[in-house]
There are 2 protein chains.
Amino acid sequence: MRQSQLFTKTSKNVPADETARNAQLLIQAGYVHKEMAGVYSYLPLGLAVAENIKQIVREEMNAIGGQELIMSSLQSRETWEKTDRWSDEIVDIWFKSKLKNGTEVGLAWSHEEAIIQMMKNHLSSYKDLPANVYQFQTKLRNELRAKSGVMRGREFVMKDMYSCSLDADQHEDFYQKSIEAYHRVFSRLGIGEETFLTVASGGAFTEFSHEFQTICEAGEDAVYLSRDKKIAVNEEVFTDEVVDKLGLKRDELERVKTAEVGNIFNFDTIKSKEMDFKYTNEAGESQFVHLGSYGIGITRLIGVLVEKFADKKGLVWPANIAPYQVYLASLGIESKIIETAKELYEFLQSKNINVLYDDRDIRPGQKFADADLTGIPCRVVISEKSLGKGGFEFQKRTEENAEIITKDELIKRLAK
Amino acid sequence: MRQSQLFTKTSKNVPADETARNAQLLIQAGYVHKEMAGVYSYLPLGLAVAENIKQIVREEMNAIGGQELIMSSLQSRETWEKTDRWSDEIVDIWFKSKLKNGTEVGLAWSHEEAIIQMMKNHLSSYKDLPANVYQFQTKLRNELRAKSGVMRGREFVMKDMYSCSLDADQHEDFYQKSIEAYHRVFSRLGIGEETFLTVASGGAFTEFSHEFQTICEAGEDAVYLSRDKKIAVNEEVFTDEVVDKLGLKRDELERVKTAEVGNIFNFDTIKSKEMDFKYTNEAGESQFVHLGSYGIGITRLIGVLVEKFADKKGLVWPANIAPYQVYLASLGIESKIIETAKELYEFLQSKNINVLYDDRDIRPGQKFADADLTGIPCRVVISEKSLGKGGFEFQKRTEENAEIITKDELIKRLAK
């Protein structure tokens, strides 16, 4: 993409109504647009980041047998009354509206009940199990406050997966597979070392659930962490009893601020019973399906990645998440410079390297400031100086100094 | 995908609560799940079809300079009051809800106002124009009735594009380009010959707008059509005056039932004035931006394609839209048959041919019925009979008879 054609503009002004650093930077760099507190639209650069994250998650969910689908946002009262989760007194984050005939409808804050209701039409025999489905869907949650930028939205994108299993063993097998898949996702996103499987409340279903918590000052959670044992305990359930039960010791645990990037729940057969979700086993007997639920906050992850990697100059993206791999700038209007830049731009594109080519006729300082703010991993500059020294100026976003390198060397580095 | 692992099941029963053939077939074949009237979830096969259509549209929108983004579903009252389209008396299809603090919010039935509001932050100079953006977004429309299956939903996916131009000429240039792009889209979807640029009401903005209407008995519209001149007039604006103005003659026009698959609007500067959307021209003067809006109903197109192509045996998909290119079935449990099928399945996948491999242990008649219902373009059967004759039974979904062909010949046909 030529930057002169990219419609979004950067801004030097920190948005006055945003306290969250992630939202400030994403707005200033033109990745997102704020519609209202906790509600953001994703502009081309932001959409590209979201899609890159989704693709990594998709590959890992497919690898463990997940089948992708997409559920509706509109939800029927009938479905959610089966588990007593329609009432605003029990679930206080519903957005609700009404059909013309007066029938109340909900906007999905979760799809658990709707997925089960749908799956009942397709699963009836032990031969149909296990079955695991997932989606990337927009959730609407009527949060009282929304002040963490894209890390807690009233409207946000979540990957939610649901497992249907024959019995506790088959469930446990998939549950463990999904833990491994989640670790692979966070590792591919560059936060593997800082993301910990965390024991958390199991809610109405089991004693514990598991969360994936990433160390993050701006996060809304806190956990007690053993880096050695690679396990953490959510502050919510941190008692002597729990610490004992997990075979941990209080003094090996440190309290750290974290952001929850994933969670997995074992529903056991509780929801199946509430919703009458049964299959027939080999002996012809009716059995309740064992259910699990597995979430990853896609847009929240964008916020976490910003908070983790951004520096004082702006955004910094891991290479596989960045909207472009290379930021290419020409400095000066001499035809030799412009031509060389244009040739390199076309050459890199022909090699399937995604390039943001800054062809704007603006001051070099402004170009560099925008490049830093935008956070593209590699910066390549073509100027009289670089050409005089026989090449291209190359600098990684995370490094302090640029070097002049030849075209061959450049290609080699970008191919990595 | 092995069909034994695909969680969706086909059904012989026509859903009692669906009068629309498209929804009946899509539900029976497991492509969609009905949540309520006019609200459908898209299961793996349905999602694949939707994504295939979106990819064709995306390629054509990118080719004319469209930049993809995604706007939020939640809409603020303030934005829509600027054009007097917040009131339920003026726009009677809003779904509305309330934040915890009592602030009313809307669920987007369109994104015109929200897009303009956002674009105002990024476009200010003549150098920034033209700029054209688009998205694939879920629209929520509180329709009084919804009885045309996925052809008219209360929740549906639309591609909506918006053009911002310097002046009427620049606008007209993009408007014409978008007409050509739309023709390419419908042609790639296999309905090019049956889809006509149609003169329709311009609403509050201009005398006429343009629609793309596809001949379709189940459609909700009717047009007067000249097949020779490749133009149509929507029944809504069909008067002697209009016919004259377009240089047509009443007796060269036939009335046909149609489905609207696309529409394009020239807003001129009316909306820019209402929303104060201006740029500074080369002379330093403030000017209103010229706006256009360009829609394609993605999920409606699924319905139209079903209505156009399905036959009495079930769905029929154009090859580039189908969720799988090949339906492969093994008949019989002899190891030679199973092994040959498995090898072919793996070989085709290695060639990037998308295969639904029916490895289920069920009667041949049931396999064939499912294959017909599902509508995959090519059916390949491996049986004792086919192997005895030295090959594979090959049949296109649209053809009456199967032939036995060799593996080499099969590969050649599938490569087409």
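Readers should treat all values here as calculations from the given coordinates under stated rules, not as data from a laboratory. The model shown is predicted, which means the values in this text are computed figures rather than measured ones. Backbone-built Cβ (ideal geometry, glycine too); neighbour counts: all protein chains shown.
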Between the modelled labels at A:Glu252 and A:Thr103 (7 Å from Cα along Cα→Cβ) the distance in nm is 5.6 nm
Per residue Cα convex hull volume for segment B:54-124, in cubic angstrom? 129 Å³
With no solvent and one equal point scatterer placed on each C-alpha of the protein assembly as shown, evaluate the Debye formula and give log10 I(q)/I(0) for q = 0.05, 0.08, 0.10, 0.11 Å⁻¹, two decimals. -0.30, -0.79, -1.24, -1.47
Under 19 Å from a label point 7 Å along Cα→Cβ of A:Phe347: give me every residue in segment A:366-383 with its amide N that close. A:378-383
Once you treat every alpha carbon in segment B:100-140 as an equal point and sum by Debye, what is log10 I(q)/I(0) at q = 0.23 Å⁻¹? -0.88
Under the Karplus relation with 6.51, -1.76 and 1.60 and θ = phi - 60°, whole-Hz ³J(HN,Hα) for segment B:403-412, x at Gly and Pro, equal 10, 9, 10, 7, 4, 4, 5, 4, 4, 4
Provide Rg and Dmax in Å for segment A:326-415, with only Cα atoms included in the calculation. 11.8, 31
Cβ nearest the rotation axis (B onto A), residue from chain B and distance to the nearest whole Å: B:Ser97, 3
Can you sort B:Asp311, B:Asp372, A:Asp167, B:Asp160 by how many other beta carbons sit within 10 Å, fewest first? B:Asp311, A:Asp167, B:Asp372, B:Asp160
Loop sites only, by DSSP: take the GluC sites (Glu not before Pro) in chain A that have at most 12 other C-beta atoms within 10 Å and name the longest stretch containing none of them. A:90-206
Shape descriptors of segment B:246-330 over alpha-carbon atoms, Rg and Dmax in angstrom, are 22.5, 73
Project the alpha carbons of segment A:292-349 onto their principal axes and report the range along each, largest first, in whole Å. 60, 29, 12
Rounded to the nearest 500, the 222 nm mean residue ellipticity computed for chain B from DSSP H runs (n ≥ 4, each -39500 (n - 2.57)) alone is -9000 deg cm²/dmol
What are the label-to-label distances in nm, one decimal and shortest first, from A:Glu193 to the same spot in the other copies, with labels 7 Å along Cα to Cβ? 6.2
If R0 = 45 Å, then A:Arg145 and B:Ser11, at their Cβ-Cβ distance, give a FRET efficiency to the nearest 0.05 of 0.45
Computed over all unlike Cα pairs, the Kirkwood hydrodynamic radius of segment B:158-272 in Å stands at 14.8 Å
For segment B:177-182, take each phi angle, set θ = phi - 60°, evaluate the Karplus expression 6.51 cos²θ - 1.76 cosθ + 1.60, and give the result in whole Hz per residue in order, putting x for glycine and proline. 4, 6, 4, 5, 4, 5
So who's got an amide H within less than 5 Å of the one on A:Phe267, skipping anything under 5 residues away but keeping other chains? H placed 1.01 Å off N, in plane. A:Leu291, A:Gly292, A:Ser293
In nanometres, what is the gap between the two model label sites at A:Asn401 and A:Lys177, each 7 Å from Cα along Cα-to-Cβ? 5.1 nm
Starting from the amide H of B:Gly375, placed 1.01 Å from N in the peptide plane, find each other amide H under 5 Å away whose residue is 5 or more places distant or on another chain. B:Leu315
Could you pull the Rg and Dmax for segment A:267-382, using just the Cα atoms, both in Å? 25.6, 82
Amide H contacts under 5 Å for B:Tyr40, placed H, 5+ residues apart: B:Glu35, B:Glu155
Members of A:Lys257/A:Lys396; A:Lys82/A:Lys245; A:Lys34/A:Lys82; A:Lys54/A:Lys271; A:Lys9/A:Lys396; A:Lys159/A:Lys308 lying beyond 25 Å, as alpha-carbon distances in this model show: A:Lys257/A:Lys396; A:Lys82/A:Lys245; A:Lys34/A:Lys82; A:Lys54/A:Lys271
Cα-centre dipole for segment B:1-126 with unit charges at Cβ (Lys and Arg positive, Asp and Glu negative), debye to 20: 600 debye
P(r) tail for segment A:62-212, what percent of Cα pairs lie past 20 Å? 60 percent
For B:Lys147, net neighbour charge (Lys/Arg +1, Asp/Glu -1) across residues whose Cβ lies under 13 Å away: +1
With an 8 Å Cα cut-off and a minimum separation of 6 or more residues, compute the relative contact order for segment A:326-415 in percent. 29 percent
Any idea what the alpha-carbon Rg over 2.2 N^0.38 Å comes to for segment B:1-91? 1.54
Relative exposure of A:Ile93, B:Ile337, judged by other C-beta atoms within 10 Å (fewest first): A:Ile93, B:Ile337
Kindly provide the trypsin sites (Lys or Arg not before Pro) of segment A:211-317 that DSSP labels as loop, not H, G, I, E or B, and whose Cβ sees at most 12 other Cβ atoms within 10 Å. A:Lys230, A:Lys249, A:Lys312
C-alpha long axis of helix B:298-309 to longest principal axis of chain B, angle in °: 50 degrees
Nearest 0.05, what FRET efficiency do B:Asp361 and A:Lys229 give at R0 = 41 Å with Cβ-Cβ as r? 0.30
The residues A:Thr198, A:Thr374, A:Thr340, sorted from fewest to most surrounding Cβ atoms within 10 Å, come out as A:Thr340, A:Thr198, A:Thr374
Determine the relative contact order of chain A: mean sequence separation of Cα pairs under 8 Å and six or more apart, normalised by residue count, in whole percent. 15 percent
Which distances, in nm and shortest first, link the A:Lys229 label point to the same label point in every other copy, taking 7 Å along Cα→Cβ? 8.2
Once the mean 1/r over all distinct Cα pairs of segment B:163-228 is inverted, what Kirkwood radius in angstroms do you read off? 13.4 Å
For segment A:45-60, 3J(HN,Hα) per residue [Karplus equation, 6.51 cos²θ - 1.76 cosθ + 1.60, θ = phi - 60°, Hz, x = Gly/Pro]: 5, x, 5, 4, 4, 4, 5, 5, 5, 4, 5, 4, 4, 4, 4, 6
Taking the C-alpha atoms of segment A:21-309, convex hull volume expressed per residue in Å³: 141 Å³
Run through the other copies and list how far each one's label point is from that of B:Gln170, in nm with one decimal, shortest first; the point sits 7 Å from Cα along Cα-Cβ. 6.1
Candidate cut points under trypsin sites (Lys or Arg not before Pro) in segment B:1-54, DSSP loop plus at most 13 other Cβ atoms within 10 Å of their own Cβ, are B:Lys12
